[in-house]
Amino acid sequence: MYLKKLCIKNFRRLHDVVIDLASDISIFVGANNSGKTSAGHALQLFTGKGKFSLHDFSSDLWPHFVAFGEGRANATLPTMSIDIWFEIGAADVHRVIDLLPSLAWQGSLVGLRVAFVPINPEVTQTKYREIRERALAAVAKEQRVGAPFDPFPKDLQDYLRDKLNDEYELRYFVLDPARFDAHMAAEPGYEPVALIPGKGRSGREILSSLIQVDFLHAQRHLSDSPGGARAEDLSRVLSRFYSRNLEQKADDVDALRALANSEIMLNEHLQRVFEPTLESLSKLGYPGLSNPRLIIKSALDPSVIMNSRDGARVHYALGALENGIEPPTLPDRYNGLGFKNLIFMVVELLDLHAQWLAIEENRPPLHLVFIEEPEAHLHAQLQQAFIRKVLDILKLSAEDASHCNSQVVLTTHSAHILYERGFRPIRYFRRRGQAGDRSEVLNLSVFYEQTDDGVRNFLERYLKLTHCDLFFADAAVLVEGNVERLLLPQMIETAAPRLQSAYLTILEIGGAFGYRFKSLIDFIGLTALIITDLDSVVGPAAVEAEEVVPEHVAVLEAANDGGDQDAEDNQVEDLEDDDQIEGAAPKPGKACIAGHPDAVTSNQTLIQWLPKCGTIAELFAASPEDKTQERVDESTSLVRVAYQSPINVTWGVETKALAGRTLEEAFALENLVWCQDKARNELKLRIPRAADKDLNSLVERIHKRVKGDSFNKTDFALGLLAQDPNTWQVPTYIAEGLAWLESEIAPQAEDAQNEVERDAAEEGAA
């Protein structure tokens, strides 16, 4: 059996979510404050480990406490609940006999609801009012002059901050899967059957007999330095593990006698008992070729061996055993936090696993382990090794595996851990609502199953190769290639500075493949900006011949430009460009300037996603609404596409509405005079004797330069980054796209007056 679904209601930002769990490992991902950790805390609290706080209720329920305390009509006290659904086999039916809803039950799904509810709402209300009245009477009796004082409790919410666990309790209910739909929503009017204490096993007893839940929290207090109230070293961790689980030599009188005579026997013993643990570490690639080995050494006091802080210590051997001579050793604090954290996690997991297996009577058949952020202090390869081998660490023997099961849930912010496993184990926690105060949980295994194999395989390979952080971002920016990726941070700083406070992921996708991300973007409901190129090509209806610049003309231009430092480079580049464009007539599909008659786009993102146009004329005519995929509801994606559009370009006395085919062309057009300056030679956008050319000729020459083999786009980007960003203009289409994204996700700009007042206050304080 295994835990299949968790349905959580009114717990923190998990207002009403369904979380599907895999039978082996599930990975919870999402932006900060999306509810990943809350899901684990919910299961922890509802299984009786810990006490609830008033702030565990969803924030939109807090006013209900006040309303009920004031006696408002139809006001009720809020409740929280979790529905725990188990998938069972035929051999497990006897374990869940108390959870079978009726003799008509069929299938393999059984459910238990645990609800945190008021014991007696009317009594709670009465207690609060009595305490409130006494407090007000005491204040009135004092008759002090001054500002009025509102004593505790100000309202029922204030009262329950201290008394919540006195006024509320956990109650248990049997669920009938036949009364729930595929999304685990109950049919209208359905009321589950309550498990009444005193009639058979209690709900808590039933739940604890089925599942043991353990947690390996993120804040592991391993320390590099001695001391500190929260610091803990590996030696103490291993001592605790030894005292709980391993064969203890202190119970053996003969061994104690041997220890008194020689330290050697104890060290041999420690090496032997820890051998399985160290073998588990080896599955993760530790120690590897260049990392020190672990050795457990005695500190000689047999009466307190492994049970005191200084009884036995972890040491790191600096080399291998040679000719029977032990290498020099160092204490554990001299190894890095990364490896210490890895060792700590392995030992703790083995400890939790061993304690579960040690239960001799009525062992719960299911062991669920929550691991928070295992990536702490670990480099990428160790993260991948850990997630790859974590199930091996918790592997059951053949005998235990026949009737027991271990499940793992990880919460992570690591793309390296995420993509080691692919889509299927991912559970994506997405913030929703205007204030982002609610979350929903998406099961990526559903996406995996319902997506075309070709698209799905492409996405998995792409995400694994790039290790992108799509699932942790506020929004995604999909760009053409390396140039946009390199330049975008500077363009954001210039054109949309508030985006620097948002968490963006930049995906380099290209126009030919960008549309393949549509299904994933839509599934996770992400806000996305697509920055792509027109990629204009000659259409089948084109009849005009391209202008051909004879080779000798280009050579002559370069030769006559005697004052140019880059004349020779320009000559070579122009010759290459002209060689590529020779021909009497255009060929359909051949790259052309955006203004070419009957030009079409080769960009599949523009054709198949947004704005779904094929000709350049249609793309130019597309409205902002055509370029935007609006949200259907708060759970769906919001997408905008940005591509080159005609802008006014001035050269000399000429001004025309023109559009670039690519980013490089668009940049050159909007910074035309700036690019033709000799100081910008390294950008390779300067055309020889540009001053002698009219606007059309110059634009044509820039187009041919950019699409020539000798033009290196990465060099262009790096050269541009070396320039003062205040001297050049962000292409309009990118600036407009970034401004749209800024308006959607970035924090609102501070009021100017407030900012002035704040600065004045800070100066006064200084």
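The values are calculated or read from the model by the stated rules, or taken from the named source; none is laboratory data. Note that the structure is a prediction, hence the values are computed from the model and not measured. With ideal geometry, Cβ positions are generated from the backbone for all residues, glycine too; neighbour counts draw on all protein chains shown.
Against the conditions (1) assigned to a helix (DSSP H, G or I); (2) in contact with a helix residue (DSSP H, G or I) (Cβ under 6 Å, 6 or more places away or on another chain); (3) closer than 29 Å to M1 by Cβ, where does V66 fall short? Just the number, please.
(3)
From H353, H403, H367, grab the single residue that is over 30 Å from I745 (Cα atoms) and in a loop (DSSP other than H, G, I, E, B).
Answer to the selection: H403.
For residues that are under 23 Å from E618 (Cα atoms) and among the hydrophobic types (A, V, I, L, M, F, W, C), scanning just the range 523-539, find the one that is surrounded by the most Cβ atoms within 10 Å (Cβ to Cβ).
I530
Residues G481, G510, G433: which one is at pLDDT below 95 and either among the acidic types (D, E) or within 18 Å of P747 (Cα to Cα) (or both)?
Exactly one residue qualifies, and that residue is G433.
Residue-by-condition table, conditions (1) assigned by TED's automatic domain parsing to the domain that holds D24; (2) modelled with pLDDT of 90 or more; (3) over 30 Å from D60 (Cβ atoms):
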| site | (1), (2), (3) |
| --- | --- |
| C404 | no, yes, yes |
| L444 | no, yes, no |
| T451 | no, yes, yes |
| L459 | no, yes, yes |
| L463 | no, no, yes |
| A473 | no, yes, no |
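Pairs please, first residue from the range 179-202 and farther than 21 Å from I8 by Cβ, second anywhere and part of a strand (DSSP E or B) and of a type outside the set (V, I, T), Cβ atoms under 8 Å, 6+ apart in sequence or on different chains.
Matching pairs, first to second residue: S202/Y172.
When you look at K5, is it of a type in the set (D, E, K, R), crowded, with 20+ Cβ neighbours inside 10 Å and either in contact with a Cys (Cβ under 7 Å, 6 or more places away or on another chain) or closer than 30 Å to R388 by Cα (or both), yes or no?
no
Residues that are touching a strand residue (DSSP E or B) at 6+ places or on another chain (Cβ under 8 Å) and hydrophobic (A, V, I, L, M, F, W, C): does the range 118-137 have at least one?
Applying the first criterion (touching a strand residue (DSSP E or B) at 6+ places or on another chain (Cβ under 8 Å)) to the range 118-137 yields 118-119, 124.
Then drop every residue that is not hydrophobic (A, V, I, L, M, F, W, C), which leaves 119.
Scanning the range 118-137 turns up at least one residue that is touching a strand residue (DSSP E or B) at 6+ places or on another chain (Cβ under 8 Å) and hydrophobic (A, V, I, L, M, F, W, C).
Report, by residue number, each residue of the range 467-487 that is out of contact with any Phe, Trp or Tyr (no Cβ under 9 Å at 6 or more places or on another chain) and surrounded by fewer than 21 Cβ atoms within 10 Å (Cβ to Cβ).
G481, N482, R485, L486 - these are the residues of the range 467-487 that are out of contact with any Phe, Trp or Tyr (no Cβ under 9 Å at 6 or more places or on another chain) and surrounded by fewer than 21 Cβ atoms within 10 Å (Cβ to Cβ).
Which count do you get for residues in the range 451-502 that are among the acidic types (D, E), farther than 26 Å from R421 by Cβ and in a helix (DSSP H, G or I)?
Qualifying residue count, the range 451-502: 2.
Quick grid of which residues meet (1) at pLDDT 95 or above; (2) exposed (fewer than 15 other Cβ atoms within 10 Å of the Cβ); (3) part of a loop (DSSP other than H, G, I, E, B):
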residue: N648; (1), (2), (3): yes, yes, no
residue: G660; (1), (2), (3): yes, no, yes
residue: A666; (1), (2), (3): yes, no, no
residue: L669; (1), (2), (3): yes, no, no
residue: N681; (1), (2), (3): no, no, no
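Take R424 and tell me if it is without any contact (Cβ under 8 Å) to a residue 40 or more places away in the chain and either outside any strand (DSSP E or B) or within 17 Å of the chain's Cα centre (by Cα) (or both).
Here the answer is no, as R424 does not meet what is asked.
So which residues in the range 134-176 are surrounded by fewer than 16 Cβ atoms within 10 Å (Cβ to Cβ) and closer than 28 Å to R204 by Cβ?
R161, D162, N165, D166, E169
Taking the range 684-716 on its own, how many of its residues are in a helix (DSSP H, G or I), within 20 Å of A591 (Cβ to Cβ) and hydrophobic (A, V, I, L, M, F, W, C)?
The total comes to 5.
When you look at H377, is it in a loop (DSSP other than H, G, I, E, B), touching a residue at least 12 places away in the same chain (Cβ under 8 Å), of a type outside the set (A, V, I, L, M) and not assigned by TED's automatic domain parsing to the domain that holds G30, yes or no?
yes
Please go through the range 62-77 and give me each residue that is in contact (Cβ under 8 Å) with a residue 60 or more places away in the chain and either on the phi > 0 side of the Ramachandran plot or surrounded by 18 or more Cβ atoms within 10 Å (Cβ to Cβ) (or both), ordered by number.
Within the range 62-77, F65, F68, G69 meet the criteria.
Checking F513 against (1) among the aromatic types (F, W, Y); (2) crowded, with 21+ Cβ neighbours inside 10 Å; (3) closer than 28 Å to D626 by Cβ, which test does it fail?
(2)
Is it fair to say A385 is out of contact with any His (no Cβ under 7 Å at 6 or more places or on another chain) and of a type in the set (G, A, S)?
In short, yes.
Please state which one of A39, A22 is touching a residue at least 40 places away in the same chain (Cβ under 8 Å) and either surrounded by fewer than 22 Cβ atoms within 10 Å (Cβ to Cβ) or over 22 Å from the mean Cα position of the chain (by Cα) (or both).
A22
Residue-wise test of (1) without any contact (Cβ under 8 Å) to a residue 40 or more places away in the chain; (2) not in a helix (DSSP H, G or I).
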{"position": "S81", "(1), (2)": "no, yes"}
{"position": "I84", "(1), (2)": "no, yes"}
{"position": "H94", "(1), (2)": "yes, no"}
{"position": "L103", "(1), (2)": "yes, yes"}
{"position": "F116", "(1), (2)": "no, yes"}
{"position": "R129", "(1), (2)": "no, no"}
{"position": "E133", "(1), (2)": "yes, no"}
{"position": "L136", "(1), (2)": "yes, no"}
{"position": "A140", "(1), (2)": "yes, no"}
